[in-house]
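Below is one structure, written out as structure tokens; the observations come after it.
The values are calculated or read from the model by the stated rules, or taken from the named source; none is laboratory data. Worth saying up front: this structure is predicted, and the values here are computed from it rather than measured. In this analysis, Cβ positions are derived from the backbone assuming ideal geometry, glycine residues included, and neighbour counts consider all displayed protein chains. These accessible areas exclude ligands, DNA and RNA; they are computed on the full protein's heavy atoms, side chains included. Shrake-Rupley method; radii C 1.70, N 1.55, O 1.52, S 1.80 Å.
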Amino acid sequence: MQARLLLEDGTLFTGLSFGAEAQMMGEVVFNTGITGYQEVLSDPSYCGQIVTMTYPLIGNYGITRDDFEAIRPYIHGFVVRRHEPVPSNWRAQYSLGQLLQEYGIPGISDIDTRMLTRKLRHFGTMRGLITTGNERVEELAERLNLSTLMTDQVARTSTKHVFASPGNRERIVLVDFGAKSGILRELTQRGCDVVVVPHDTTADEIRRLAPDGIQLSNGPGDPKDVPHAVKMITELLGEIPIFGICLGHQLFALACGADTGKLKFGHRGGNHPVKELATNRCYITSQNHGYTVVESSIEGTPLEVTHINNNDKTIEGLKHNQYPAFSVQYHPEAAPGPFDSSYLFDEFLEMIRTHKQNNPQKPRQAVLSETLKGELQYAQK
Ligand SMILES: NC(=O)CC[C@H](N)C(=O)O
């Protein structure tokens, strides 16, 4: 069956459909990973986006639900050069095309993804529309022109209820802005007592959970669409150690008085070189973001730049010069790898221990278990 991809500049690609029979609109972006398409399509930070893979052969190892970064994909379309419908992998439960069909997401293959990527690099990301129907092109163009990009992706992808992943070490409140499950995995692997809370949890609600540290997750969209989170971070800065990842990094920067802006075509892939300024060391990192912290906005804030991107020199890491709080624009949970940066979770726990030594805490409130029990019961209804 035929599928078409129309861009807002009028470019029309005609290829083959391998996903759902559907028409969907979104911001067209590209990812340069040569593996990891399952983690890409299930990463909630791509909510509302049409993702093009620049690697030409996609789908050859199929789909394994255990490799997902969220309960379901939130992408609005998947674009590949060649889709492999028969996976060769003993872990595969079904094919990529079957997964897209299950969730009503269109997929288009057999188009020139190199041309598409060059266009996005040259002109910046664009709105686009994938359709498997046979509408007239003028009709599709009009629909695309009238459409706008989503602004409520965080609310769509965040958990609605508090849930816990118990452990016997530091208690971490993980604020879920559309978190990848890799973050929870990294924390639980280190024995942390993790409480995952919705994106709009207030500072007081977080205090009641008596956390040792706050992990701000990644998430979709523009950080300026989540002002309530900036307020929460501002209120807790200095009181509880904070570690922000990706959207969490951008929100942390906004809370410290810096600004964010949109990159022309973003960073999405598994081999972005990041330089740690203190050591001059280079880390190869996994990235997925379209926004960035504006460098010129750092002056006059309490922030210090710790890492920069070696390709375009944009900010990749920040730390507060007075309080226990830091953040990175890339993904230390590295799903899929590279695993160069997982040590940042250990540094976060080390920061928490130092903060605890310097600020002996009151015993944890008994109210915590009651709060959680109530939430969990509610969630089970
Ligand atoms: N992965 C993320 O958290 C992405 C952050 C933000 N949505 C951006 O595109 O920049």
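Points worth noting:
- Cβ-Cβ FRET estimate between D225 and F123, R0 fixed at 25 Å, reported to 0.05: 0.60
- Student exercise, segment 154-375 dipole from Lys, Arg, Asp, Glu Cβ charges, in Debye to nearest 20: 300 debye
- In this structure the amide hydrogen of T306, modeled in the peptide plane, comes within under 5 Å of the amide hydrogens of G317, L318, K319, none closer than 5 places in sequence on its chain.
- Isotropically averaged projected area of segment 1-84, using the convex hull of Cα atoms (one quarter of hull area), nm²: 5.5 nm²
- A viscosity of 1.002 mPa s and a temperature of 20 °C, combined with the Kirkwood radius over Cα pairs in Stokes-Einstein, give a translational diffusion coefficient for segment 154-375 of 124 µm²/s.
- Taking the Cα centre of the chain as origin and assigning +1 to Lys and Arg Cβ atoms and -1 to Asp and Glu Cβ atoms, the resulting dipole is close to 360 debye.
- Translational diffusion coefficient (Stokes-Einstein; Kirkwood radius from C-alpha pairs) of segment 130-171 at 20 °C, 1.002 mPa s, in µm²/s: 144 µm²/s
- Highest-fluctuation residue, P106, P227, P360 considered, GNM on the chain with Cα pairs under 10 Å: P360
- Cα centroid separation - segment 42-105 against segment 286-324, whole Å: 31 Å
- Solvent-accessible surface (1.4 Å probe) assigned to T151 amounts to roughly 90 Å².
- Residue pairs, from the table K180/K275; K160/K262; K180/K356; K119/K264, whose Cα atoms sit over 21 Å apart: K180/K275; K160/K262; K180/K356
- Note on the chain: dipole from Cβ charges, positive end direction compared against V294, L344, T157; the farthest Cα belongs to L344.
- Per-residue 3J(HN,Hα) values for segment 131-138, derived from phi via the Karplus relation 6.51 cos²θ - 1.76 cosθ + 1.60 with θ = phi - 60°, read 9, 10, x, 10, 4, 6, 4, 4 Hz in sequence order (x marks Gly and Pro).
- DSSP bridge pairs, the chain: antiparallel proportion in percent, nearest 5: 60 percent
- Residue among Q322, Q250, Q101 with the largest mean-square fluctuation in a Gaussian network model of the chain, springs linking Cα atoms under 10 Å: Q322
- Summing +1 for each Lys or Arg and -1 for each Asp or Glu among the other residues whose beta-carbon sits under 12 angstrom from that of T32 gives +3.
- Antiparallel DSSP beta bridges within segment 2-150, percent to nearest 5: 60 percent
- Distant-in-sequence amide contacts of N60, defined by a placed amide H-H separation under 5 Å and a gap of 5 or more residues or a different chain, comprise E84.
- Close amide-amide hydrogen proximity is noted between R127 and E8, V28, each under 5 Å apart and 5 or more residues distant or on a separate chain (H modeled in the peptide plane; Pro and chain starts excluded).
- All Cα pairs of the chain, percent lying beyond 36 Å: 24 percent
- Globularity ratio of segment 256-313, using Cα Rg and 2.2 N^0.38 Å: 1.17
- Placing dummy labels 7 Å off each Cα toward the beta-carbon, the span from D259 to E239 is 3.0 nm.
- Square roots of five times the Cα gyration tensor eigenvalues for segment 2-150, Å: 24, 15, 15
- For the set V274, V305, the ranking by accessible area, highest first and with no ligand, DNA or RNA atoms included, is V305, V274 under a 1.4 Å probe.
- Exposure ranking of Y55, Y330, Y103 by accessible area [1.4 Å probe, largest first]: Y55, Y103, Y330
- Calculated FRET efficiency for the pair D200/K313, C-beta based, R₀ 41 Å, to 0.05: 0.75
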